[in-house]
Structures are given as structure tokens and as C-alpha cells.
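Following: one structure in C-alpha cells, then a few remarks.
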Amino acid sequence: MSVKIHGVKAVMAELEKRLGKAKAQQLSDKALKQGAQVFIKELKSQFHSFKDTGASIEEMTISEPMWVAGVRTINIHWRGPKDRYRIIHLNEFGTVQNPSPRGKGAIARAMRNAESAYRSAIKKAIREGL
């Protein structure tokens, strides 16, 4: 699952031309981190609907910005002592024995719900950096 934003290459090329490559990457990283915070907030609210111990919510983490296939990216993953990363896909997609768990589709819903807020957070971070 991913969110496509059109025109990002043109915006980043213009920023690199005006600010320089290093400053543009710093600005991009800051915008990605703020966008990730918006998404994680929505994701946590979606996970509250089927919360049991709260371990899945507590173990949500945001990676540092990195290059993936030539694109600057941040991953949201589950890391912690209770190893919730092993069962997140079961809640998202279901199993043969339980095809419709209470949390089915929570990540997809969070992506849909946070898309406009994510875009505005990215725009705001870029505007602040200029």
C-alpha cells in the first residue's frame, strides 16, 4: 500500500535548484517526518477500535528517512519487546479460521483517512522550510 502524490519530482527538482541538494534533502526529510507523524496518529486511532493490551499501538515506530529505489522514504513498522510485527498482517487481512477479525483493514482505512492531512502536513513543512 502506498500513497501517490503527483508532481513531487518537479517540486523537488525546483527546490534542489534553488536551495541546493543537501538543504533540499533536509527539507524533504523534515516534511516526511511530519507527514509520518500525521499518519501514525490516524493509525493509532484506527487501532484503538480493537485494542486489547495496547501492545500493537505502543510498538508502532517510524524509521529514519532512507532511499528506496531512488525515492526518499520513511517506513512505519512495529518493533518492541512483544514482537507485534508478527501478527499485524493477521489483523489486517484475516486468516482462514478468522476471515474477518475486528481490526481488518485498519491500516488501509488509516491511509485513506490520513491522505489529505498527510498532504497538507507535507505542504506546510515545505512552506516553513522556504
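For the full complex of protein chains and a 1.4 angstrom probe, list Asp52, Asp83 by accessible area with the highest value first. List each step's numbers first, then the result.
Working: Asp52 135, Asp83 60 Å².
I get Asp52, Asp83, largest accessible area first.
Give me the accessible area per residue for the chain, probe 1.4 Å, as a whole number in Å². Walk me through the intermediate numbers first.
Values: 8650 Å² over 130 residues.
Per-residue accessible area for the chain comes out at 67 Å².
What is the pair-distance distribution P(r) of segment 74-115, computed from all Cα-Cα distances in 10 Å bins starting at 0, with each bin given as a whole percent?
27, 48, 25, 1
Within 10 Å of each candidate Cβ there may be at most 12 other Cβ atoms; applying that plus a DSSP loop requirement, which trypsin sites (Lys or Arg not before Pro) in segment 48-130 survive? Walk me through the numbers before you get to the answer.
Values: sites: Lys51, Arg72, Arg79, Lys82, Arg84, Arg86, Arg102, Lys104, Arg109, Arg112, Arg119, Lys123, Lys124, Arg127; in loops: Lys51, Arg79, Lys82, Arg102, Lys104.
Of the trypsin sites (Lys or Arg not before Pro), the ones in loops of segment 48-130 whose Cβ has at most 12 other Cβ atoms within 10 Å are Arg79, Arg102.
So which lysines pass the test for Lys82, namely a Cα distance under 16 Å, with those fewer than 8 places away in the same chain ruled out?
Lys51
Lys/Arg Cβ at +1, Asp/Glu Cβ at -1, dipole of segment 21-103 taken about the Cα centre: which of Ala36, Ala24, Thr61 is farthest positive-ward?
Ranked along the dipole, the leading option is Ala24.
Tell me, what is the FRET efficiency for Lys123 and His77 to the nearest 0.05, using R0 = 22 angstrom and their Cβ-Cβ distance as r? Write down the numbers at each step before the final one.
Numbers: r = 26 Å, r/R0 = 1.16.
The value I calculate is 0.30.
On the protein heavy atoms, probe 1.4 angstrom, tell me the percent of accessible surface of segment 68-130 carried by carbon and sulfur.
53 percent
Using alpha carbons only, what's the Rg to Rh ratio of the chain with Rh from Kirkwood? Each step should come with its number before you reach the end.
Working: Rg = 16.8 Å, Rh = 16.1 Å.
Ratio of gyration radius to Kirkwood radius for the chain: 1.04.
Kindly write out, for segment 52-63 in residue order, the coupling ³J(HN,Hα) from the Karplus curve 6.51 cos²θ - 1.76 cosθ + 1.60 (θ = phi - 60°), rounded to whole Hz, with x marking Gly and Pro.
Running phi through 6.51 cos²θ - 1.76 cosθ + 1.60 with θ = phi - 60° gives 10, 9, x, 5, 5, 6, 5, 8, 5, 9, 10, 6 Hz.
What is the dipole size for the chain, taken about its Cα centre, with +1 at each Lys and Arg Cβ and -1 at each Asp and Glu Cβ, in debye to the nearest 20? Display every interim value, and only then the final one.
On the way: 24 positive and 12 negative charges, 75 e Å.
My answer is approximately 360 debye.
The values are calculated or read from the model by the stated rules, or taken from the named source; none is laboratory data. Just so it is clear, the structure is predicted and the values come from calculations on it, not from any experiment. Every residue, glycine as well, gets a Cβ built from its backbone with ideal geometry; the counts of neighbours run over all protein chains shown. These area figures cover heavy atoms from the full protein model, side chains too; ligands, DNA and RNA do not enter into them. Shrake-Rupley method; radii C 1.70, N 1.55, O 1.52, S 1.80 Å.
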